[in-house]
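Have a look at the structure below before the remarks.
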Amino acid sequence: MTYRISGLSPEPFRALFGASEEVLAEHGVRRVRATASRGFPCRITLEDAAEGETLLLLNHEDHAADTPFRSSYAIYVRECADEALVLDDALPPVFAGRPIAFRAFDAEGMLRGASLALADDADARLRELFDRPEIAYIHAHNAAHGCYSARVDRA
């Protein structure tokens, strides 16, 4: 069994890249500057922004399913992000050293399982969830802050 981890497409955010503070404010978006090289994870590139780099902090609907599990929360996207990172059977840099909560959904968007990856055991937790045939996809979230990290699909 293989899995694919995908960052968000940059397309929905491109119009905001480089926009004025006034335009960003109209959309409830804030421009922030990374104050460290860890702690500002981009949801497109699935890497932490470098210290001094600018990102957009915005609300993102990560689970638009028409179920009680519909979800949105704050995420960061780097203004220089050109392309979504896509990995097959490999973990993105933003998972390293972080506790990651996995929420496993069926094809209708109903939550059917969950797991917590600690001590860099995310690969094992993903494989355990996908061993269950009813699991169609998984959303990864940073366990501490609760923000969406990436989508994981069967590949």
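The values are calculated or read from the model by the stated rules, or taken from the named source; none is laboratory data. Please read these numbers as outputs of a predicted model, since none were measured by experiment. No Cβ is skipped: glycine too gets one built from the backbone with ideal geometry, and neighbour counts run over all protein chains shown.
Quick notes on this one:
- Taking residues in segment 68-84 that are over 24 Å from Gly52 (Cα atoms) and of a type in the set (Phe, Trp, Tyr), and partners anywhere that are in a loop (DSSP other than H, G, I, E, B) and at pLDDT 95 or above, the pairs with Cβ atoms closer than 8 Å and at least 6 places apart or on different chains are Phe69/Gly109; Phe69/Met110.
- Filter pass, Arg125 being modelled with pLDDT of 95 or more, part of a helix (DSSP H, G or I) and either among the hydrophobic types (A, V, I, L, M, F, W, C) or farther than 21 Å from Glu11 by Cβ (or both): yes
- Conditions (1) touching a residue at least 40 places away in the same chain (Cβ under 8 Å); (2) buried (at least 20 other Cβ atoms within 10 Å of the Cβ); (3) of a type outside the set (Ser, Thr, Tyr); (4) in contact with a Leu (Cβ under 6 Å, 6 or more places away or on another chain): number failed by His139: (4)
- Among residues that are in a loop (DSSP other than H, G, I, E, B) and either of a type in the set (A, V, I, L, M, F, W, C) or within 21 Å of Ser71 (Cα to Cα) (or both), Gly113 is not included.
- So Glu134, is it without any contact (Cβ under 8 Å) to a residue 40 or more places away in the chain, surrounded by fewer than 13 Cβ atoms within 10 Å (Cβ to Cβ) and acidic (Asp, Glu): yes
- Selection within segment 92-130: residues that are acidic (Asp, Glu) and in contact with a strand residue (DSSP E or B) (Cβ under 8 Å, 6 or more places away or on another chain). The member of this set that is nearest to Ala143 (Cα to Cα) is Glu128.
- Considering segment 56-90, the residues that are more than 25 Å from Arg132 (Cα to Cα) and among the aromatic types (Phe, Trp, Tyr) include one that is surrounded by the most Cβ atoms within 10 Å (Cβ to Cβ), namely Tyr76.
- Test: residue in segment 60-68 that is of a type in the set (Gly, Ala, Ser) and modelled with pLDDT under 95: yes
- Segment 9-48 - residue that is among the aliphatic types (A, V, I, L, M) and in contact with a Pro (Cβ under 8 Å, 6 or more places away or on another chain) and, of those, farthest from Phe95 (Cα to Cα): Ile44
- Residue among Pro68, Pro92 that is on the phi < 0 side of the Ramachandran plot and within 16 Å of the chain's Cα centre (by Cα): Pro92
- Selection from segment 1-17 of residues that are assigned to a loop (DSSP other than H, G, I, E, B) and either surrounded by 11 or more Cβ atoms within 10 Å (Cβ to Cβ) or polar (S, T, N, Q) (or both): Thr2, Gly7, Leu8, Ser9, Pro10, Phe17
- Leading residue by the ranking (farthest from Pro41 (Cα to Cα)) among those in segment 91-119 that are small (Gly, Ala, Ser) and either modelled with pLDDT of 95 or more or surrounded by 20 or more Cβ atoms within 10 Å (Cβ to Cβ) (or both): Ala107
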